[in-house]
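Taking it in order: structure first as structure tokens, then the write-up.
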Ligand SMILES: [Zn+2]
């Protein structure tokens, strides 16, 4: 069958809600790119703009991926990068917590400890901007960790350290930034844990009051409970870009509790101009801030690998053991695939049927001339032989 090259027959981007998590992420990234085209160009180029002459399709131990394209590395604005970053962080957090609860720090012996999950929020109104509330939240957390009282608390409850993640939603009362924090403590009795809960809650209310004059209602604006499992605790701080979170964006779940940035993106993609404006405000406010932070020394105690930054976790160009380049698309074909919004389908086809699946997809959408496609035949033969 001859491949045709017809720009006039591009298939329009599907507007109905996708159910494939990969498709959801890539569609949301397209929407984010269109919203941030003038302000965060890296997001608009992420996964599309070539850094060389061609885009290579690689089958690795974690499925198919594209190499040779730019990566934005934005955990806040790019759902595709956020998914990779969140998964990388989740694995790190899980290893750290596992070592803490089993009392096995790197290079030494320890005693088994507990993990507590805390939720910190602050009162907010519809008139406050996302940037203003982020600054208040960051300042309050900095003050929370300062002074003799915090040092004494660490000693009293054996707090080895903390892992902190910031999240943001938008609801009827405006922007709602909140912190999910894991406290790694000694093994605590119920009464000790209750005292720690009361102390942390009162300290949080005091620092928020001192910094902003806002009154935190402890029953609403603060939560504290022992983690029932290491995986639950890991998800608590590292679920930001997980499939389950992004999938909510395209589902018809109630938005009454506020919309996540991914839900804002989904609504923006469906023509909600207010959501489009809100996402742009949020992306500008959060740009440059860290999603997940560790207390000083905690990583060194439990993890042997040096910390990777968000870009390193999101970039697909680093080789993995077991990688196989099944083929590559030259510039013209690649751009047509991007414009047709077919990257997730391309990856799905590569995983299901290898290079033959990629070719079938291109033929079905009439996106390529035969000479525009380069295939690594040796690797292809290896794939089919395996
Ligand atoms: Zn990205």
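Brief remarks on what is shown
- Computed from the Cβ-Cβ distance with R0 of 45 Å, the FRET efficiency linking residue 19 to residue 119 stands at 0.90.
- Estimated distance in nm for a label pair at residue 34 and residue 126, the labels positioned 7 Å out from Cα along Cα-to-Cβ: 2.8
- Principal axis extents of the Cα atoms in the chain, from largest to smallest and rounded to whole angstrom, are 74, 51, 31.
- Near-label residues of region 277-304 by backbone N, under 16 Å of a point 7 Å along Cα→Cβ of residue 135: 282, 284-289
- Mean Cα-pair separation over length for region 131-254, i.e. relative contact order, pairs under 8 Å, 6 or more apart, %: 24
- Simple spin-label estimate for residue 364 and residue 151 gives 6.5 nm between the two label positions (7 Å along the Cα-to-Cβ direction from each Cα).
- Between 0 and 90°, nearest 10: helix 130-144 axis offset from the chain longest Cα axis: 40
- Rounded to 10°, Cα long-axis angle of helix 190-212 versus longest principal axis of the chain: 80
- Entry note, the chain: the mean residue ellipticity at 222 nm calculated from DSSP H runs of n ≥ 4, each adding -39500 (n - 2.57), is -15000 deg cm²/dmol after division by the residues and rounding to the nearest 500.
- Cα gyration tensor shape for region 77-129, rounded if a/c is under 1.5, else prolate or oblate: oblate
- Rel. contact order, % - alpha carbon contacts under 8 angstrom, at least six apart, the chain: 29
- Cα gyration tensor shape for region 107-264, rounded if a/c is under 1.5, else prolate or oblate: oblate
- In this calculation the C-beta distance from residue 226 to residue 51 is compared with R0 = 51 Å, giving a FRET efficiency of 0.65.
- Overall form of region 56-178 per C-alpha gyration tensor (a/c, 1.5; a/b vs b/c): oblate
- Computed over region 79-193, relative contact order equals 32 percent, with contacts defined as Cα pairs under 8 Å that lie 6+ residues apart.
- Ascending count of other beta-carbon atoms within 10 Å, so fewest first, for 72, 338: 338, 72
- Fewest-first sequence of 203, 29 by Cβ atoms within 10 Å of each Cβ: 203, 29
- Residue 277-residue 98 pseudo-label distance in nm [points 7 Å out on the Cα-to-Cβ vector]: 4.8
- The order of 136, 343, going from fewest to most other C-beta atoms within 10 Å of their C-beta, is 136, 343.
- The angle between the Cα long axis of helix 147-157 and the main principal axis of the chain comes to about 90°, on a 0 to 90 degree scale.
We did not get these values from a lab; they are worked out from the coordinates using the rules stated. Please read all numbers here as calculations on a predicted model, not as lab measurements. In this analysis, Cβ positions are derived from the backbone assuming ideal geometry, glycine residues included, and neighbour counts consider all displayed protein chains.
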